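*Asks:* Here it is, the structure in full.
The values are calculated or read from the model by the stated rules, or taken from the named source; none is laboratory data. Here the structure is a predicted model, which means the values were calculated and not measured. Because the Cβ atoms are built from the backbone with ideal geometry, glycine has one as well, and the counts that use them run over all protein chains shown.
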Ligand SMILES: NC(=O)c1ccc[n+]([C@@H]2O[C@H](COP(=O)([O-])OP(=O)(O)OC[C@H]3O[C@@H](n4cnc5c(N)ncnc54)[C@H](OP(=O)(O)O)[C@@H]3O)[C@@H](O)[C@H]2O)c1
């Protein structure tokens, strides 16, 4: 992979390297940032699996992208589905996996539990991706310099630390608090995964990205769940007026997935002062997201909860 932008020129989709023959999985690729990410990577020649929970939406998205996109069912909120997906994908692609993009997510929804008994935001945004990545590690390390990109958020800064005493929010639940925790978990996961890959001498890297504020379905999901039409209309209005496009929001993910020479555990976001919009650049993260003791503890808890043990 050797595509970069000239010094001082913004990095755009035009800087994507040629990806013919590369295999990519994008979770939550039927809409928003995942769709734009998958479309751009397929446009650069990659074979892209759209990992989606709704096959009708997934097949519609694959048709819109073209013949290099294929939909495959993955519900991150069900461990059985994660196992089924990983096994099916690995059997169909014995050569290995070049890029895994952990993108799917839900935001600030009322408290619900998954069939595995986990709080839904932690389950979807972190635990499902933790299990998926662990099951796909053999496929990833089979390809030198493969990448794992996990999509976090500015909202990770809302979580001062992981609340290990009440990870599932059974004692006290706040919709935004749980979202912030899950996005902090994305960064702690990336840091500990990179540490383990480095220790074991693999060239595979784990990196993270965030899209700033981008107009997608994400902001309206909670309002729809509450049946609050007025709130939904407001999120639509704010998206139209303030947010950047989903295409712009996908650029940090695309940069993290392909830009040459970025170190493991990099974090990529938009370039404006508040990181809400703009072209991709390396960005900082909260002190809590750099706390390796917390990262190791989250790793252990995630292994226990998912039952997925990494070969690292
Ligand atoms: N948009 C922003 O401003 C923003 C800001 C910061 C971070 N992010 C992050 O960006 C990522 C992508 O979100 P987006 O903005 O593109 O929103 P989106 O358009 O709502 O896309 C989210 C995707 O995740 C999928 N998904 C949800 N639950 C799933 C599950 N259990 N299993 C499999 N897929 C599931 C959705 O599928 P369905 O269509 O079936 O629901 C959808 O395809 C998320 O991780 C989000 O936290 C977004």
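*Asks:* Go over the candidates 206, 178, 185 one by one and state the one that is at pLDDT 95 or above and outside any helix (DSSP H, G or I).
*Replies:* Numbers: 178 fails: outside any helix (DSSP H, G or I); 185 fails: outside any helix (DSSP H, G or I).
Among 206, 178, 185, only 206 is at pLDDT 95 or above and outside any helix (DSSP H, G or I).
Quick grid of which residues meet (1) touching a residue at least 24 places away in the same chain (Cβ under 8 Å); (2) closer than 27 Å to residue 31 by Cβ:
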position: 202; (1), (2): yes, no
position: 223; (1), (2): no, yes
position: 226; (1), (2): yes, yes
position: 231; (1), (2): no, yes
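*Asks:* While we're here: Among the residues of the range 285-312, how many are in contact with a helix residue (DSSP H, G or I) (Cβ under 9 Å, 6 or more places away or on another chain) and part of a loop (DSSP other than H, G, I, E, B)? Steps first, please.
*Replies:* Filtering the range 285-312 down to residues in contact with a helix residue (DSSP H, G or I) (Cβ under 9 Å, 6 or more places away or on another chain) leaves 285-286, 288-292, 294-299, 301-303, 305-312.
Those still in the list that are part of a loop (DSSP other than H, G, I, E, B) too: 285-286, 291, 307-312.
Final tally of qualifying residues: 9.
*Asks:* Pull up the range 17-27, narrow it to residues that are more than 10 Å from the ligand (Cβ to nearest atom) and surrounded by 22 or more Cβ atoms within 10 Å (Cβ to Cβ), then point me to the one that is farthest from the chain's Cα centre (by Cα). Spell out how you get there, then give the answer.
*Replies:* Of the residues in the range 17-27, the ones more than 10 Å from the ligand (Cβ to nearest atom) are 17-25.
Filter once more, keeping what is surrounded by 22 or more Cβ atoms within 10 Å (Cβ to Cβ): 19, 24-25.
On the way: 19: 20, 24: 13, 25: 11 Å.
Here the residue is 19.
*Asks:* Can you name the residue in the range 4-16 that is buried (at least 19 other Cβ atoms within 10 Å of the Cβ) and over 24 Å from residue 139 (Cβ atoms) and, of all such residues, is nearest to the ligand (Cβ to nearest atom)? So that I can check it myself, show each step before the final result.
*Replies:* Step one: of the range 4-16, the residues buried (at least 19 other Cβ atoms within 10 Å of the Cβ) are 11, 15-16.
If we keep only those that are over 24 Å from residue 139 (Cβ atoms) too, we end up with 11, 15.
On the way: 11: 19, 15: 21 Å.
Checking each candidate, the answer is 11.
*Asks:* Residue 243: touching a helix residue (DSSP H, G or I) at 6+ places or on another chain (Cβ under 7 Å), closer than 29 Å to residue 112 by Cβ and surrounded by 15 or more Cβ atoms within 10 Å (Cβ to Cβ), yes or no? Explain how you work it out, then say what you get.
*Replies:* Numbers: touching a helix residue (DSSP H, G or I) at 6+ places or on another chain (Cβ under 7 Å): no; closer than 29 Å to residue 112 by Cβ: yes; surrounded by 15 or more Cβ atoms within 10 Å (Cβ to Cβ): yes.
Criteria not met by residue 243.
*Asks:* Can you list residue pairs whose Cβ atoms sit under 9 Å apart, with the first residue in the range 240-267 being on the phi < 0 side of the Ramachandran plot and the second being at pLDDT below 95 and part of a helix (DSSP H, G or I)? Count only pairs 6 or more apart in sequence or on different chains.
*Replies:* 243/219
*Asks:* Return the only residue of 142, 120 being closer than 17 Å to residue 76 by Cα and in contact (Cβ under 8 Å) with a residue 40 or more places away in the chain. Working first, answer last.
*Replies:* On the way: 142 fails: closer than 17 Å to residue 76 by Cα.
The conditions single out 120.
*Asks:* Looking only at residues that are at pLDDT 95 or above and assigned to a loop (DSSP other than H, G, I, E, B) in the range 261-270, which one is surrounded by the fewest Cβ atoms within 10 Å (Cβ to Cβ)?
*Replies:* 263
*Asks:* Within the range 28-103, which helices (runs of 4 or more DSSP H) (wholly inside it) include 2 or more residues that are within 14 Å of the ligand (Cβ to nearest atom) and within 17 Å of the chain's Cα centre (by Cα)?
*Replies:* Working: elements: 32-43, 55-65, 79-92.
Of the helices (runs of 4 or more DSSP H) lying wholly inside the range 28-103, those with at least 2 residues that are within 14 Å of the ligand (Cβ to nearest atom) and within 17 Å of the chain's Cα centre (by Cα) span 32-43, 79-92.
Residues checked against (1) more than 24 Å from residue 112 (Cβ to Cβ); (2) within 15 Å of the chain's Cα centre (by Cα):
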residue: 186; (1), (2): no, yes
residue: 196; (1), (2): yes, no
residue: 205; (1), (2): yes, yes
residue: 222; (1), (2): no, no
residue: 228; (1), (2): no, no
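*Asks:* Check residue 256 against each of (1) assigned to a helix (DSSP H, G or I); (2) in contact with a strand residue (DSSP E or B) (Cβ under 7 Å, 6 or more places away or on another chain); (3) more than 13 Å from the ligand (Cβ to nearest atom) and name the one condition it does not meet.
*Replies:* Exception for residue 256: condition (3).
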